[in-house]
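No lab work stands behind these numbers, since they all come straight from the coordinates. On a predicted model such as this, the values are computed, not experimentally measured, just so you know. Don't worry about glycine lacking a Cβ; one is built from the backbone with ideal geometry, like all the others, and counts go over all protein chains shown.
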Amino acid sequence: MGVSIVPTLRVLKPVGMIAGVGFVGLLVGYFANAAFFPGTTPVQPIEFSHTVHAGDYEIPCLYCHTQARRSPSAGVPSVNKCMGCHAIVATDSPLIREVARHYENDEPIPWIKVHDLPDFVHFPHNRHVAAGLECQECHGPVETMDRVTRMAPNEMGQCLTCHKDMEVEHGIDCLTCHK
Amino acid sequence: MSLIDDFLARWHEYRRPGYYEEFDYHWTMTVDLDRCTGCEACVTACQAENNTPIVGEDAIARGRHMQWMRIERYWEGEYPDVKLRAIPMFCQHCDAAPCETVCPVSATYHNQDGLNAQIYNRCIGTRSCAVYCPYEVRYFNYNNHHWDEPLDQQLNPDVSVREKGVMEKCTFCIQRIRQAKDAAKDDGRRRVQDGEVQPACVQTCPTEALVFGDRKDPDSAVSQMLGNERAYTVLEELNTDPSVVYLKKVDADAA
Ligand code: SF4
């Protein structure tokens, strides 16, 4: 007398259905999340292109992000900095007119932060610039990005690997980065 | 067998209190009880600097208060001839700290600067360290806290706001130490000079009862204080080897 596999399958059917529905839900959720929350590549209020500025015209990063050299925070350039050039360059482009509008109204441009470290991490940009690190090591090839994407995983492993490789003094002590 | 040989060879190393041959810095604080008036300015400064929450009346009634620094108050003698004894009490940063041996995840450990570190992200909230601490200076977040408007604007961005379920305590204002070290490196100097770091309590104390510095620098203000014959450490008999040294009160009426 043979043993049929059919009764076992019949029991497993609901399990399979649940798993199937769960899997489809996962897929839909994944793509919906990416569509509605483009966390790693946010759309900026003004489509500033790093390709044009840092790539084609080879403006050094620290020319605009000048605070990175002096302060823990890299900072975002003020509208004043933009207008330093754009008072005479490409003044009739619609994007620049938008920048000029902010400038005339004394309003900051509400840029969206791309690389946002958690609040419990102390990352002094000035120390890392002083150590001779290229911005691209963490931020990726920004000069080729029209819309900046978060390249750094913002995970502890990246910090530790680099601190170990560079033989930073007490670089892997927790209190070096955690606050 | 080599395992046992290895163990025996390193026996003394294992028996050494603390993990380090030598500290890089050895941050130390002295508290001159003869100068302390018990005004609690240091307590307030600490609370403001370190984002310590105001837990509210209910929590305090249940013994869940949070103050990294507190003034212990003792009365001596009978009325009307009473004397107030005020002792500021905060994490003693013991070099042989009981709390460090007990943490199952090493969220509290000794770092190379002689500091007893507390890493909030790693803490899983067993509260064992608080049980082991003979000074009762570790505080547990029983709740998430919030700061009413506009008090949230005064939170210190250099100190993380702790969440429910982690232990916290005095850090000797690690954010200020770190800043001073960064500044020293920026200047191309190797070491932080005496007087460059002041925790919030030291900076605030109106009578300069608190002195902070590096014990390894023989000329630092704190090293000078350590030679004082009034110096003692609290609960010395426990051999915790604290980094906070108290200077006894001088009693004019005592024999
Ligand atoms: S601020 Fe100074 S005097 Fe006032 S309680 Fe604190 S240590 Fe004592």
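Computed from point charges on the beta carbon alone (+1 for Lys and Arg, -1 for Asp and Glu), the dipole magnitude for segment B:3-247 about its Cα centre is near 460 Debye.
Got the relative contact order for chain B handy, in percent, Cα pairs under 8 Å and 6 or more residues apart? Walk me through the intermediate numbers first.
Working: 426 pairs, mean separation 70.0, N = 255.
Averaging sequence separation for qualifying contacts and normalising by length gives 27 percent for chain B.
Within a straight-line Cα-Cα reach of under 20 Å, B:K164 can be paired with the following lysines, leaving aside sequence neighbours fewer than 8 residues apart in one chain: A:K179. Contact order, relative form, for segment A:50-153: 39 percent (alpha carbon pairs under 8 Å, 6 or more residues apart, mean separation divided by residue count). Dipole of segment B:3-247 (Lys/Arg Cβ +1, Asp/Glu Cβ -1, origin at the Cα centre): which of B:Y246, B:T171, B:T108 lies farthest to the positive side? So the residue furthest toward the plus end is B:T108.
Among B:217-223, B:151-157, sorting by the average number of other beta carbon atoms lying within 10 angstrom of each residue, highest first, gives B:217-223, B:151-157. Taking 20 Å as the straight-line reach from the Cα of A:K81, the lysines in range (excluding those fewer than 8 positions away in the same chain) are A:K113. Per residue of peptide A:169-177, the mean number of Cβ atoms on other chains within 10 Å of the residue Cβ is 5.
Averaging over every viewing direction, what projected area does the convex hull of the Cα atoms of the protein assembly as shown cover, in nm²?
38.2 nm²
If you take the square roots of the eigenvalues of the alpha-carbon gyration tensor of chain B and sort them as a ≥ b ≥ c, do you get rounded (a/c under 1.5), prolate (a/b over b/c) or oblate? Rounded, because the longest to shortest axis ratio a/c is under 1.5. Convex hull volume of the Cα atoms of segment A:50-153, normalised per residue: 115 Å³.
By the gyration tensor of its Cα atoms, with a ≥ b ≥ c the square roots of the eigenvalues, what is the shape of chain A: rounded for a/c under 1.5, prolate for a/b over b/c, or oblate? In terms of gyration-tensor shape, oblate.
B:K83: which lysines have alpha carbons under 27 Å from its alpha carbon, excluding same-chain residues fewer than 8 sequence positions away? Result set, ordered by chain and number: B:K248, B:K249. With contacts taken as Cα pairs under 8 Å at a separation of at least 6 residues, chain A carries a relative contact order of 28 percent.
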